[in-house]
Amino acid sequence: MERVSQKMSGLQFNLGPLKEPLGFIKVLQWIFSIFAFATCGGYSGYTSIKVNCSGTKNETFKAAFGYPFRLNTVVFKDLDSKYCNNTWHPTHLVGDFSSSAQFFVTFAVLVFLYCMAALVLYVGYLHLYRGAGKLPMIDFVITMVVTLLWLISTSAWAKALTDIKVSTGPDMVLDIPFCHLSPKSCLFDAVSSMGSLNVSVVIGFLNLILWAGNAWFVYKETNLHNPPEAPAPGGTPAPAGM
């Protein structure tokens with residue numbers, strides 16, 4: 001028990017593992033996880049339409065939206081309900097994409113925290129990591145699970161982003177009852193750039209590649225790749241030469 005406690009408390013700071021694929025890729029995973037939740041969770045934008053009533057000039061109205069993309073709670077602002085002889089009513093955007101967005105961002109934050117913990121283990125307790133058979137195996141199992149979850153979360157977020165673009169693009173006028181009252185009563189105006197959201201999807205798939213590739217290097221640390229050597233069976237010493 002004393003030896004185990006000594007190993008647990010024996011911090012041996014060494015940056016050498018960061019030069020190995022095991023540690024270097026973990027640093028990349030840590031950085032890319034930051035980009036993943038920052039590019040998605042930090043987004044805010046708007047979409048706008050031009051509304052026209054007979055005898056009046058066109059008015060441009062905006063609806064601001066952002067993470068977590070509950071578009072069904074977003075209302076076009078600065079538009080009086082009495083506009084156009086009370087034919088305009090408070091209008092929401094269509095769709096709730098918060099589940100996919102929050103899953104992606106929350107998962108990226110958890111990966112960020114795990115990478116920090118793993119780097120501390122690699123840099124400060126590598127002797128414990130490589131000296132105990134269970135830690136590399138736990139690391140390998142987590143790596144495989146994270147790889148799968150990057151695939152699931154990024155795919156779900158990519159599909160949600162496609163739907164967000166539809167709900168805030170030119171086709172959104174089809175879902176506004178007022179716009180069906182007369183021809184050309186509504187015209188799509190503009191929508192803010194979603195470049196950072198596109199980047200978040202790309203980074204999500206890059207994370208998938210990083211974690212899938214790193215699985216091999218973690219696997220090499222486990223007993224599955226390097227089983228412990230069995231002690232040589234004891235035997236009688238060979239007789240001395242005559």
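The values are calculated or read from the model by the stated rules, or taken from the named source; none is laboratory data. Small disclaimer: the values here were computed from a predicted structure and weren't measured. Cβ: placed from backbone, ideal geometry, glycine included. Neighbour counts: every protein chain shown. Side chains included, ligands, DNA and RNA excluded: accessible areas come from the protein's heavy atoms. Shrake-Rupley method; radii C 1.70, N 1.55, O 1.52, S 1.80 Å.
Modelled this way, with points 7 Å down the Cα-to-C-beta line, the labels at Phe24 and Ala117 are 2.7 nm from one another. Based on protein heavy atoms only, segment 95-166 ends up with 45 Å² per residue of surface accessible to a 1.4 Å probe. The Cα center of segment 26-55 and the Cα center of segment 95-173 differ in position by 18 Å. The local environment of Gly95, defined by Cβ-Cβ distances under 14 Å, has a net charge of -1 under the rule Lys, Arg +1 and Asp, Glu -1.
Relative to the Cα centre, the charge distribution of segment 17-221, modelled as +1 at Lys and Arg Cβ and -1 at Asp and Glu Cβ, gives a dipole magnitude of about 220 debye.
For the residue pairs Lys62/Lys184; Lys50/Lys159; Lys159/Lys184; Lys26/Lys220; Lys19/Lys220, alpha carbon separations beyond 25 Å are given by Lys50/Lys159; Lys159/Lys184.
Residue separation of Ile34 and Val202 scaled by 0.36 nm, minus their Cα-Cα distance, works out to 59.1 nm of gained length.
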